[in-house]
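S.K.: Quick one: this structure, given as structure tokens, is what I'll be asking you about.
Quick note: the coordinates plus some simple rules give every number you see, no bench work behind them. On a predicted model such as this, the values are computed, not experimentally measured, just so you know. Here the Cβ is made from the backbone with ideal geometry for all residues, glycine too, and neighbour counts use every protein chain on show.
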Amino acid sequence: MERAEAYGFSGAMSGAFLLSCLLFAAVSRRQRGPYMDEVFHVPQAQAYCQGRFLQWDPMITTLPGLYLLSVGVAKPAAWLLGWTGDVVCSVGMLRFINLLFSAGNFYLLYLLLFKIHQKNKAVSGFQRILAALTLAVFPTLYFFTFLYYTDPGSVFFTLFSYLMCLYGNHKTSALLGFCGFMFRQTNIVWTVFCAGNVVAERLNEVWKIELQKKKDEKISSRKGSFSDLARILQFLVKYLISPKNLVTLTALTWPYIMLVSLFFVFVFINDGIVVGDRSSHEACLHFPQLFYFLSFTGFFSFPHLLTPAKIRKFLLSFRKHPVQYSLITVISLFLIWKFTYVHKYLLADNRHYTFYVWRKVFQRHELVKYLLVPLYIFAGWSFADTLKSKSIFWILMYSVCLLAVTVPQKLLEFRYFILPFLIYRLNIPFLSLYRQLLELAFYILVNAVTFYLFLNRTFRWENSDEVQRFMW
């Protein structure tokens, strides 16, 4: 990092943290007590602070990583600063831990952008700082910086694990992946993703050698046609059935294999992934979740995905391959018809934005969910088009992880899309400075509206005296 870039990054991070502290103070003044899921998380952390480690709220569905880390931070801080009594693990103190995670996420996002795009000399230091700032204030993640939720810590350890993986420190990466797993069980998918990075890199090296042997066939791993994909899948099967190759891959990924094995032991002992309240978190094949994710990504990445050039390119692709797109349309319609699920929380809780998205869009008419298929197809095509700079093996590996982390979820919840979105966004090419600024301005606008609604547009339910607030 050059000196000017280092000063610029320090200034951006310090400024963002200062503004976050001011916003943190505003949120804490308006909402002093626990809100939403905090009513479960805060008492649990306070029980741990008091040494009651055997106490557990059965409504909590995640492992105790957040509470253990909170005690590990709050207790030494209280000792150093001379704090006593309830202030040690107060609501404000516990929320502040997520503010620290947010600062850590900013730094990790910058380091990941630097590492992933280090070969692109056209990217300036200012663009890297701007991209890191933009992702650090990504609205769905940034909002939960100010509440005591698992999301900031979950993202922190997952991004840290990914960074160590890219630098080849796989034992450290697996250890950090375990920390991420302790925050949220589904983060095991991103441990598989890190292992997949190693495997994809190895496969890409071997594939390039294969291409050199078959120059006359002019095969490319990035053409994207079905014939090339069939050849690549044939190569993949041939490579993976070789015991020698499997031993090589095992030697490269054994720390991740150990962690995944530990995960399966946990699932066996726990008789499932979810701890606590399982009735509201049942796994199912909810394939439209992929369509919701693509729509979510299209909304928050419109400077990347929704451009006149991309629309023209998509229409040209549609004209060239009408049969393929017709088949994709039929499959999409079938998946929506047979695999759409509506969780009871989605219909009942009018504090979440998803409630209004579902009511204002999907519940307008029974046919709406089918009429949206062309938009899903364009979003999927544009999504894939922005990843064409990655190897086909990386794309296949990421796609498998994306399906694994979205499809089994019955509840439509935007928080579940945070990590797959960030991994995607980190790996796509940089835009022009103008479009980067547009993206940042859009995120700031969405955050401003979100916090305005949360802080000022409160309401009450008929059967409750508690103040209710709008949130993600």
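S.K.: Please state the shape class of region 96-218: rounded when a/c is under 1.5, otherwise prolate if a/b exceeds b/c and oblate if not, all from the C-alpha gyration tensor.
M.R.: Oblate.
S.K.: Is region 415-470 best put as rounded, prolate or oblate by its Cα gyration tensor, with a ≥ b ≥ c the root eigenvalues, rounded for a/c under 1.5, and otherwise prolate when a/b is larger than b/c, oblate when not?
M.R.: oblate
S.K.: Any lysines with Cα under 26 Å of the residue 238 Cα? List them, leaving off those in the same chain fewer than 8 positions away.
M.R.: The reachable lysines, counting only those whose Cα sits under 26 Å from residue 238, are 208, 213, 214, 215, 218, 223, 388, 390.
S.K.: So, one more: Rounded, prolate or oblate: pick one for region 348-472, where a ≥ b ≥ c are the square roots of the eigenvalues of its C-alpha gyration tensor, a/c under 1.5 means rounded, and failing that, prolate if a/b is larger than b/c, else oblate.
M.R.: prolate
S.K.: On full extension of the chain, what length is gained from residue 384 through residue 3, given 0.36 nm per residue of separation minus the C-alpha to C-alpha distance?
M.R.: Here the segment from residue 384 to residue 3 would lengthen by 133.5 nm.
S.K.: Moving to a separate point now. Mind pulling the angle between the C-alpha long axis of helix 288-300 and the longest principal axis of the chain? Nearest 10 degrees, somewhere in 0 to 90.
M.R.: Taking Cα atoms only, the helix is inclined about 80 degrees.
S.K.: Rounded to the nearest 0.05, what FRET efficiency do residue 233 and residue 53 have when you use their Cβ-Cβ distance and R0 = 51 Å?
M.R.: 0.55
S.K.: Follow-up question, since we're still on this one. What FRET efficiency comes out for residue 77 versus residue 118 if R0 is 56 angstrom and r is the Cβ-Cβ distance? Round to the nearest 0.05.
M.R.: Computed FRET efficiency for residue 77 and residue 118: 0.95.
S.K.: Fully extended, how many nm does the chain gain between residue 299 and residue 241 (0.36 nm per residue separation, minus their Cα-Cα distance)?
M.R.: 16.8 nm
S.K.: With labels modelled as points extended 7 Å from the Cα through the Cβ direction, what inter-label distance (nm, one decimal) is found for residue 271 paired with residue 349?
M.R.: 2.6 nm
S.K.: Taking the alpha-carbon centroid of each part, what is the distance from region 1-61 to region 248-293 in angstrom?
M.R.: Answer, in whole Å: 27.
S.K.: Now, a different point. What are the ³J(HN,Hα) values, in whole Hz, obtained from phi via the Karplus relation 6.51 cos²θ - 1.76 cosθ + 1.60 with θ = phi - 60°, for each residue of region 431-443 in sequence order, with x given for Gly and Pro?
M.R.: Listing the rounded values in order: 8, 5, 4, 4, 5, 5, 5, 4, 4, 4, 4, 5, 4 Hz.
S.K.: Could you state the angle between the C-alpha long axis of helix 38-49 and the longest principal axis of the C-alpha atoms of the chain, as a value from 0 to 90 degrees rounded to the nearest 10?
M.R.: Result, in degrees: 70.
S.K.: Oh, and also: If I model a spin label at residue 172 and residue 444 as a point 7 Å from the Cα along the Cα→Cβ vector, what separation in nanometres do I get?
M.R.: A separation of 3.4 nm, rounded to one decimal place.
S.K.: If you don't mind, there's one more thing I want to ask. What is the helix-to-structure angle for 322-339, meaning the angle in degrees between its Cα long axis and the longest Cα principal axis of the chain, kept from 0 to 90 and rounded to the nearest 10?
M.R.: Helix 322-339 and the main axis of the chain meet at about 30 degrees.
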